[in-house]
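The values are calculated or read from the model by the stated rules, or taken from the named source; none is laboratory data. Everything numeric here is computed off the predicted structure, so don't read it as measured data. With ideal geometry, Cβ positions are generated from the backbone for all residues, glycine too; neighbour counts draw on all protein chains shown.
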Amino acid sequence: RPRELRARLWYPAAPGARGPYAPWMSPAETAHLQADYFAVPGARLAWPATHARPDAPADRTRRHPVVLNSHGSGADSAFNTALAEELASHGHVVAAVDHTYDAGEVEFPGHRLEVRDKARVQAMTDAAIVAYRAADVRCLLDRLAAGPLPAGLDGALDLGAVGMFGHSMGGATTAHALHEDPRIRAGAVLDGPLFGPAATADQTRPLLLMASAWDSPARDAMWDTLWPHLTGWRRRLTLTRSGHLSYCDLQLLVPQGQSVFAWPADRLEHFLGAGDPQRAVAAQRAYLTAYFGLHLRGIPAPLLDAPAPQWPEIRFDA
């Protein structure tokens, strides 16, 4: 059958929204994630609720800039909830696509769960994976433009002000989509590699590169190659004392569940670093909000001009 996509939308709600908070993931998704990713069977963990209310009335007092999001390999659109909620709280609509069969788990209507096709993914080149992921992003953007949109969102999106961010392979997808789709005005790569034409092509639109402290010579070489081709606004930052998974919600969730996950100390430090998880997430929220505020809404962002005393976790590399 045709491959299907799901997207999650976070948006500024009208004042006075009521109702229960949305779960981080559905029960079926968290059960699969727990068993497949963390190898923890059974209902041994209580997964969190978010700060978002499903189907809350949207704020329609003005049109909101749109920020697209692409998850990492084996993750899904819930993995950047902490960043999506922050951006929505500052007036953006965040539209995160699930890359079906590369995503770890995606629940469709009717409680149908589609999981990662590991054999299929392993048979593809990285450039091919990024190309089909970028096609997913184009499909999502086309749908947002053509509609129909969920009830109450018509007229609430400013599709003349579109940005995008992604973690890991989602960062590679962001660079590729920024390269080939002129509708995307600014991109942010969170500790991601670069593949395909976007890795060496000239780029005049803004690009923010945020690295973890995880030692990755391959990532650094890719970024070094691309850097001189970035002829517009550009920054290269490092979140110190961090690991590769510090750029997703696992930075917060793994320490809370460590008594059950029981990751060895060296694995914890490799993937999550040695910094304070709360500070790491707060720093990402601050810098991404400043970045998209600057390039999608024209809000001055001195935070992006030089190191800030309030954020010693962020190092300016270029």
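Any residue in region 281-292 that is out of contact with any Lys or Arg (no Cβ under 8 Å at 6 or more places or on another chain) and within 27 Å of G42 (Cβ to Cβ)?
No, region 281-292 contains no residue that is out of contact with any Lys or Arg (no Cβ under 8 Å at 6 or more places or on another chain) and within 27 Å of G42 (Cβ to Cβ).
Looking at T174, T125, which one is over 18 Å from L296 (Cβ atoms) and among the β-branched types (V, I, T)? If you could, list the steps in order and put the result at the bottom.
Details: T174 fails: over 18 Å from L296 (Cβ atoms).
Selected residue: T125, the only one of T174, T125 that is over 18 Å from L296 (Cβ atoms) and among the β-branched types (V, I, T).
What are the pairs, 6+ residues apart or on separate chains, where a residue within region 2-17 that is at pLDDT 95 or above has its Cβ under 8 Å from a residue that is loosely packed, with under 14 Cβ neighbours inside 10 Å and assigned to a loop (DSSP other than H, G, I, E, B)?
Qualifying pairs under 8 Å: L9/P150.
If you take the residues of region 95-107 that are of a type in the set (A, V, I, L, M) and touching an Asp or Glu at 6+ places or on another chain (Cβ under 8 Å), which of them is nearest to A161 (Cα to Cα)?
Step one: list which residues in region 95-107 are of a type in the set (A, V, I, L, M), which gives 95-97, 103, 106.
Still in the running and touching an Asp or Glu at 6+ places or on another chain (Cβ under 8 Å): 97, 103, 106.
Details: V97: 18, A103: 27, V106: 28 Å.
Only one residue tops the list, namely V97.
Which numbered condition in (1) among the hydroxyl-bearing types (S, T, Y); (2) surrounded by fewer than 17 Cβ atoms within 10 Å (Cβ to Cβ); (3) within 23 Å of L33 (Cβ to Cβ); (4) touching a strand residue (DSSP E or B) at 6+ places or on another chain (Cβ under 9 Å) is the only one that S259 fails?
That leaves (4) as the condition not met.
Name the single residue that is surrounded by the fewest Cβ atoms within 10 Å (Cβ to Cβ) among those in region 298-318 being of a type in the set (G, A, S) and within 19 Å of A280 (Cα to Cα).
Kept after step one, since they are of a type in the set (G, A, S), are these residues of region 298-318: 298, 301, 306, 308, 318.
Keeping just the survivors that are within 19 Å of A280 (Cα to Cα) gives 306, 308.
Details: A306: 7, A308: 17.
The selected residue is A306.
Among the residues of region 231-250, is there at least one that is of a type in the set (D, E), modelled with pLDDT of 95 or more and buried (at least 18 other Cβ atoms within 10 Å of the Cβ)? Full working, then the answer.
Looking only at region 231-250, we keep the residues that are of a type in the set (D, E), and these are 249.
Next cut, modelled with pLDDT of 95 or more only: 249.
Those left that are additionally buried (at least 18 other Cβ atoms within 10 Å of the Cβ): 249.
Among the residues of region 231-250, at least one is of a type in the set (D, E), modelled with pLDDT of 95 or more and buried (at least 18 other Cβ atoms within 10 Å of the Cβ), which makes the answer yes.
Only residues that are touching a helix residue (DSSP H, G or I) at 6+ places or on another chain (Cβ under 7 Å) and touching a residue at least 40 places away in the same chain (Cβ under 8 Å): list them for region 212-225, please.
Keep residues of region 212-225 that are touching a helix residue (DSSP H, G or I) at 6+ places or on another chain (Cβ under 7 Å), which gives 212, 214, 222, 225.
Those that are touching a helix residue (DSSP H, G or I) at 6+ places or on another chain (Cβ under 7 Å) and touching a residue at least 40 places away in the same chain (Cβ under 8 Å): S212, W214.
Can you find, within region 265-298, the residue that is farthest from S89 (Cα to Cα) among those that are acidic (D, E) and either in contact with a strand residue (DSSP E or B) (Cβ under 6 Å, 6 or more places away or on another chain) or modelled with pLDDT under 95 (or both)?
Here is the first cut: in region 265-298, the ones acidic (D, E) are 266, 269, 276.
Retained after the next criterion (residues that are either in contact with a strand residue (DSSP E or B) (Cβ under 6 Å, 6 or more places away or on another chain) or modelled with pLDDT under 95 (or both)): 266, 269.
Values: D266: 36, E269: 31 Å.
Across region 265-298, the extreme among qualifying residues is D266.
When you go through (1) under 16 Å from the mean Cα position of the chain (by Cα); (2) acidic (D, E); (3) under 20 Å from A14 (Cβ atoms) one by one for D59, which number turns out not to apply?
(1)
Considering region 46-83 alone, what residues qualify as being among the hydrophobic types (A, V, I, L, M, F, W, C) and free of Cβ contacts under 8 Å to residues at least 12 places away in the same chain?
A46
Could you figure out which of (1) buried (at least 19 other Cβ atoms within 10 Å of the Cβ); (2) within 17 Å of the chain's Cα centre (by Cα) isn't true of H295?
Every listed condition holds for H295 apart from (2).
Take region 198-215 and flag every residue that is out of contact with any strand residue (DSSP E or B) (no Cβ under 7 Å at 6 or more places or on another chain) and at pLDDT 95 or above. Please lay out each step first, then the result.
First, the residues of region 198-215 that are out of contact with any strand residue (DSSP E or B) (no Cβ under 7 Å at 6 or more places or on another chain): 198-202, 204, 214-215.
If the condition is that a residue be out of contact with any strand residue (DSSP E or B) (no Cβ under 7 Å at 6 or more places or on another chain) and at pLDDT 95 or above, then A198, A199, T200, A201, D202, T204 are the ones that fit.
For region 12-30, name all the residues that are touching a Gly at 6+ places or on another chain (Cβ under 9 Å) and either of a type in the set (A, V, I, L, M, F, W, C) or within 18 Å of P150 (Cβ to Cβ) (or both).
The first filter runs over region 12-30 and keeps only residues touching a Gly at 6+ places or on another chain (Cβ under 9 Å), leaving 12, 14, 29.
Answer for region 12-30, where residues must be touching a Gly at 6+ places or on another chain (Cβ under 9 Å) and either of a type in the set (A, V, I, L, M, F, W, C) or within 18 Å of P150 (Cβ to Cβ) (or both): P12, A14.
State which residue is surrounded by the most Cβ atoms within 10 Å (Cβ to Cβ) when the search covers only region 211-230 and only residues that are of a type outside the set (G, A, S) and in contact with a Lys or Arg (Cβ under 8 Å, 6 or more places away or on another chain). Give the derivation first.
Filtering region 211-230 down to residues of a type outside the set (G, A, S) leaves 214-215, 217, 219-220, 222-230.
When the remaining residues are screened for being in contact with a Lys or Arg (Cβ under 8 Å, 6 or more places away or on another chain), the result is 223, 227.
Working: W223: 21, W227: 14.
Once the filter is applied, the top-ranked residue is W223.
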